[in-house]
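A.B. asks: So that we are looking at the same thing, I have put the structure below in structure tokens.
The values are calculated or read from the model by the stated rules, or taken from the named source; none is laboratory data. Quick caveat: nothing in here was measured; it's all calculated off a predicted structure. Positions of Cβ are backbone-derived with ideal geometry, glycine not excepted, and every protein chain shown enters the neighbour counts. When the accessible area is computed, the model is the full protein with side chains, heavy atoms only, and any ligands, DNA or RNA have been set aside. Shrake-Rupley method; radii C 1.70, N 1.55, O 1.52, S 1.80 Å.
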Amino acid sequence: MRRVLSVLAAVVVFVALWEGYKAVGDPDGTVLFGTRVLPRADDLSMPHVWDMLRRLGRPELTGGRPVWQVVLGACLFTLGITVAGFAAGAVVGLLLAVAMQRFRLVERGLLPYVILSQTVPLVALAPLIAGWSGNLSFGPYPWQDWMTVAVIAAYLSFFPVAVGMLRGLQSPQASGVELMRSYAAGWWRTLIKLRLPAALPYLFPALRLAGAAAVVGAVVGEISTGTRGGIGRLVIEYSREATSDPAKVYTAMLGAALLGLVVAALVSLLELPLMRHRRRVPVVTM
Amino acid sequence: MTAVSVSGVTQVFNRGRPDEVTALSDVDLTVAAGEFVSLIGPSGCGKSTLLRLIADLLAPTTGTVEVSGKPARQARLEQAYGIAFQQAGLFEWRTVQRNVELPLELRGQSKAERRERAAEMLELVGLADFAGHYPAQLSGGMQQRVAIARALAVHPPLLLMDEPFGALDEMTRERLQTELLAICAQTGTSTVFVTHSIPEAVFLSDRVVVMSPRPGRITGTVGIDLPARDEAVRQSPDFFSHVTLVRKTLRGTP
Ligand SMILES: Nc1ncnc2c1ncn2[C@@H]1O[C@H](COP(=O)(O)OP(=O)(O)OP(=O)(O)O)[C@@H](O)[C@H]1O
Ligand SMILES: [Mg+2]
């Protein structure tokens, strides 16, 4: 409940900042020594929030479906891809973390590559994955464009899970590990009874980061692979009309933001029942 | 039948490094079945280390450790002992009840059995009303009592306790001492008990083993021969003469 309220408060603050800047900002932007340090505040660059909302209600093109339906449809399409990529990334991240916890050698050998993997620019990655997977197929089901996008989302989201979960699995104190040892519990039972539960407070912040990364991965992935039907594509399409219909592109961005919120809410839904009695650890990303 | 047999054990930590520590040097200790032995000595003399060796949580640098006539490792795998550490070490995501159930769970006991046993143990340490609480909701002393209940839950033939009553108030402490003795006598449990308190060691033990540091070694043993272990005996001259004897042994002046 508190979290829902804080999300609402954040939205209100954002709208206030946006409109506030529009009210006081220079319509031509503030230019210092030849560089623009503050953006233009005119209606073309920063349409009013209510203009965006109003735009949602009107048809996309004359006679077409209303914009909100188009945006929502695109959001759902991208949400599907995001969730698929997020789930795959989370599973891979978890497995990597467990493997790294189990074998010191794996941790030493793998962790640098896990970190390195995130420095590859996404835009360079997308065509690569599309190229590799183009002639893959699962039996009668050929590889599809959306799968490439999901792989990109997974690629971005496995990282926070792997790193956060590894920290979590290593978080139990020596006394807990010794206790399990005194019960003659092997590695597996120590994992189930001690390490996994102890890792939960680390896992959920990591999942939240991974969710955000999956949204970014899906949107950018759609754009760079040219996948149709999703919100990423919509942003590109609408931004072509930015000069004639400036509010329109922002409706697509609202959609993308909504997507992020929905994914965060999904993680919270998972977290609530599991973390009712747990202390929280500060968010750790690295 | 000996419950514990430690012979010629030396424990060196960080061997060959600048921070090398000889925690124990040539230690011999036997605990007979059903015997209650206390380890006492100044901080850092290796009491916890000796206990961890018996529990096979550490492997000795040299020497052998046997529990119930078996190598310590085998005894650990057979869960031949229960252990309570200096810190409670409860699992914060489990309720008090489920913490006590943990060792039973790992022994594959049925849910009903576990329930019953855990309830019995919590009753014993006076925490029956807190079964559904989480460790974070308990005071340090209460947490320690849960840890004791957890160690006792499996009715192990050997009980290893590392200053389990250190964090408790005097009243609770004395009550639990009496309870512990009753349990040990009833079940014939052998006990190795680490403490800093001389009266506690005297009250509980059949034998008090005195240790001294740098390097950790056993410097003396005081047999305790008291007629009974009740509240009255705590005030008896017999009790105080034993306390004095242990104190002298600790100081190294016979
Ligand atoms: N894992 C370890 N690595 C290095 N040194 C250790 C380790 N464990 C114990 N020691 C050292 O061994 C010595 C004995 O430690 P130990 O914990 O057994 O003392 P203790 O008698 O239990 O003390 P206390 O009464 O304070 O609990 C100390 O000097 C300690 O620094
Ligand atoms: Mg100690």
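A.B. asks: If A:L269 satisfies every condition in (1) within 18 Å of A:I152 (Cα to Cα); (2) modelled with pLDDT of 85 or more but one, which is the exception?
C.D. replies: The one condition A:L269 does not meet is (1).
A.B. asks: Same structure, new question: What are the residues in the stretch B:6-28 that are within 16 Å of ligand 2 (Cβ to nearest atom) and under 18 Å from B:L160 (Cβ atoms), if any?
C.D. replies: Listed by number, the residues that qualify are B:Q11, B:A23, B:L24, B:V27.
Rundown of residues vs (1) within 16 Å of ligand 2 (Cβ to nearest atom); (2) over 17 Å from the mean Cα position of the chain (by Cα), yes/no style:
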residue	(1), (2)
B:I83	yes, no
B:G89	yes, no
B:A128	no, yes
B:Y134	no, yes
B:H155	no, no
B:E170	no, yes
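A.B. asks: Given the criteria open to solvent by 10 Å² or more (accessible area, probe 1.4 Å) and either small (G, A, S) or assigned by TED's automatic domain parsing to the domain that holds B:T189 (or both), does B:G126 qualify?
C.D. replies: Details: open to solvent by 10 Å² or more (accessible area, probe 1.4 Å): yes; either small (G, A, S) or assigned by TED's automatic domain parsing to the domain that holds B:T189 (or both): yes.
Yes: the conditions hold for B:G126.
A.B. asks: Another one. Condition test on A:G25, is it more than 21 Å from the chain's Cα centre (by Cα), open to solvent by less than 40 Å² (accessible area, probe 1.4 Å), at pLDDT below 75 and not polar (S, T, N, Q)?
C.D. replies: yes
A.B. asks: Of all the strands (runs of 3 or more DSSP E) wholly in the stretch B:169-229, which have at least 1 residues that are under 23 Å from B:Q143 (Cβ atoms)?
C.D. replies: B:190-195
A.B. asks: Quick one: in the stretch A:163-192, of everything that is aromatic (F, W, Y) and open to solvent by 40 Å² or more (accessible area, probe 1.4 Å), which residue is farthest from the other protein chains (Cβ to nearest Cβ)?
C.D. replies: That would be A:W187.
A.B. asks: Right, B:T95: among the β-branched types (V, I, T) and either touching a strand residue (DSSP E or B) at 6+ places or on another chain (Cβ under 8 Å) or within 16 Å of ligand 1 (Cβ to nearest atom) (or both) or not?
C.D. replies: No.
A.B. asks: Let me ask something else. Among helices (runs of 4 or more DSSP H) lying entirely in the stretch A:76-174, which contain 2 or more residues that are under 30 Å from A:R189 (Cα atoms) and within 21 Å of the chain's Cα centre (by Cα)? I'd like the intermediate steps shown before the answer.
C.D. replies: Details: elements: A:104-117, A:122-133, A:145-169.
Once the helices (runs of 4 or more DSSP H) in the stretch A:76-174 are filtered for at least 2 residues that are under 30 Å from A:R189 (Cα atoms) and within 21 Å of the chain's Cα centre (by Cα), what remains is A:104-117, A:145-169.
A.B. asks: Follow-up. Would you be able to say whether some residue in the stretch A:144-162 is within 14 Å of chain B (Cβ to nearest Cβ) and open to solvent by less than 20 Å² (accessible area, probe 1.4 Å)? Even if it seems obvious, please write down each step before you answer.
C.D. replies: Looking only at the stretch A:144-162, we keep the residues that are within 14 Å of chain B (Cβ to nearest Cβ), and these are none.
No, every residue in the stretch A:144-162 fails to be within 14 Å of chain B (Cβ to nearest Cβ) and open to solvent by less than 20 Å² (accessible area, probe 1.4 Å).
A.B. asks: Considering each of B:V27, B:V31, B:V12, B:V67 in turn, give the residue that is within 16 Å of ligand 1 (Cβ to nearest atom), buried (at least 17 other Cβ atoms within 10 Å of the Cβ), among the β-branched types (V, I, T) and over 25 Å from A:P197 (Cα atoms).
C.D. replies: Checking each option against the conditions leaves just B:V27.
A.B. asks: Only residues that are within 14 Å of chain A (Cβ to nearest Cβ) and either within 16 Å of ligand 2 (Cβ to nearest atom) or surrounded by fewer than 19 Cβ atoms within 10 Å (Cβ to Cβ) (or both): list them for the stretch B:34-64, please.
C.D. replies: B:S48, B:T49, B:L51, B:R52, B:L53, B:I54, B:A55, B:L57, B:L58, B:A59
A.B. asks: When you scan the stretch B:66-162 for helices (runs of 4 or more DSSP H) that lie fully inside it, which ones turn up with 1 or more residues that are away from every other protein chain (no Cβ under 14 Å)?
C.D. replies: B:111-124, B:140-152
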